Structure formats: C-alpha cells, structure tokens
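> Take this structure first; my questions come after.
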Amino acid sequence: MAELIKSTVKCYKKKTKKTVGGEKKTYEYNQYQVPLKKSDNLVCEEEVFIIPQNYFEGLIEAEVESQLEDLEQHKEILVGYKKELADLEWKHNELSRSYKSLVSKNAQTNKKIRLVEEKNTNLERENRKFKNQLQQLMKDYKDLKEKIKGKDDSELKKDVDILKQIRSRFSSSRDGEKDE
C-alpha cells in the first residue's frame, strides 16, 4: 500500500477590496491550505489526492468488511475441504483394509496352491514308482508263466504260492498308500 501523508487543513478568511461602479467594496471568502513537510518527499508539481479523514475511514471500513466477507467465504470453503478430507481419509482406510484382506487371501491361496503342487508332484513320483513295480511284477508273472508251461504239478503249486505272495505284497503296499 502507498505511504500516506497526514496533514491538517488550515482555514482562514481572506479579505479583498475591489472598486465596483466607483464604490469600494470588501469581499471576504474562506482560504484553505494543506501544509506539507519536507520529510513527505514530494516532488514539485507532483499531483496528490486529498481525502478527508471521515471518507478515508469509510473506505477502510468498506475494505475491512470486504475482507471479512472473503474470510467467511474462505472459512466455509475450508469447512467443505475438511469434510471432503475426512471422507477421503475414511475411504483410504476402507481401501487399506480391503487391500490388506486381499493380500492375506492371496498369500493363503498361494500357500494352498504350493501345497497342492507338492502333493501332485509326490503323487506323480509314487505313480511312476508303482508303474515300475507293476511292470516288474508283470515281467515276473510272464517269466513264471513261461516256467509253468514246462513244470509238473508240484512245482506248479509252489510257483502259484510264490505268485500269491507277490500279489499280496503288491496289494498291501497299495492299501498302505490309500490310507495316507
């Protein structure tokens, strides 16, 4: 804001004498003067404006009222922003909880998937093992069948007993797997 210069208006009556129509008349009128100081730093022929104090106070009051109205509007806007911030914080908290829940569920699902994959791998390994055992038993069975063709009944009975033992051993190992 510009620097204000304060001064007081000086008034005095000025009298002038004039001759009008051969008669001397004295006229009196008010003369006004606004004294300025050297410290006001005014330049010669610089234009200045003089505002009466009561009008100046009115201007200041109007400006203050305008600023107060702006302040009230800003307060209302601030209240709106605070409400919006509270809503956003609530939404953020809800999303954070939801995110944490989803991360937890994802971790649990991944763990279950790993366990199922491990179980699947173990079952495939056991399946290969049993296939190999079955192939070996089939080979043994074929070999026995070949031997049986050339043997008598006593030897045949002995071989059938061996075959029964092999089958029981195979079925007992399969029953043990089912229990697991």
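The values are calculated or read from the model by the stated rules, or taken from the named source; none is laboratory data. In this text the structure is predicted, and so the values were computed from the model without any measurement. With ideal geometry, Cβ positions are generated from the backbone for all residues, glycine too; neighbour counts draw on all protein chains shown. Accessible surface areas use protein heavy atoms only, side chains included; no ligands, DNA or RNA. Shrake-Rupley method; radii C 1.70, N 1.55, O 1.52, S 1.80 Å.
> Six or more apart or on different chains, Cβ atoms under 9 Å: show the pairs whose first residue is in the stretch 24-44 and closer than 28 Å to Glu3 by Cβ and whose second is among the hydrophobic types (A, V, I, L, M, F, W, C) and open to solvent by 90 Å² or more (accessible area, probe 1.4 Å).
Val34/Ile50; Leu42/Leu36
> Which one is least open to solvent (accessible area, probe 1.4 Å) among residues in the stretch 92-141 that are of a type in the set (Phe, Trp, Tyr) and touching a residue at least 12 places away in the same chain (Cβ under 8 Å)?
Per the stated criteria, the residue is Phe130.
> Further question on the same structure: Would you check which residues across the stretch 26-45 are in a loop (DSSP other than H, G, I, E, B) and under 60 Å from the mean Cα position of the chain (by Cα) and list them? Full working, then the answer.
Initially, the stretch 26-45 is screened for residues in a loop (DSSP other than H, G, I, E, B), giving 34-37, 41-45.
Within the stretch 26-45, Asn41, Leu42 qualify.
> At pLDDT 85 or above and within 56 Å of the chain's Cα centre (by Cα): which single residue out of Glu65, Glu23 fits that description? Reasoning before the result, please.
Working: Glu23 fails: within 56 Å of the chain's Cα centre (by Cα).
The match here is Glu65.
> Any chance you could count how many residues in the stretch 3-22 are under 26 Å from Pro52 (Cα atoms), open to solvent by less than 80 Å² (accessible area, probe 1.4 Å) and among the hydroxyl-bearing types (Ser, Thr, Tyr)?
Of the residues in that region, 1 qualify.
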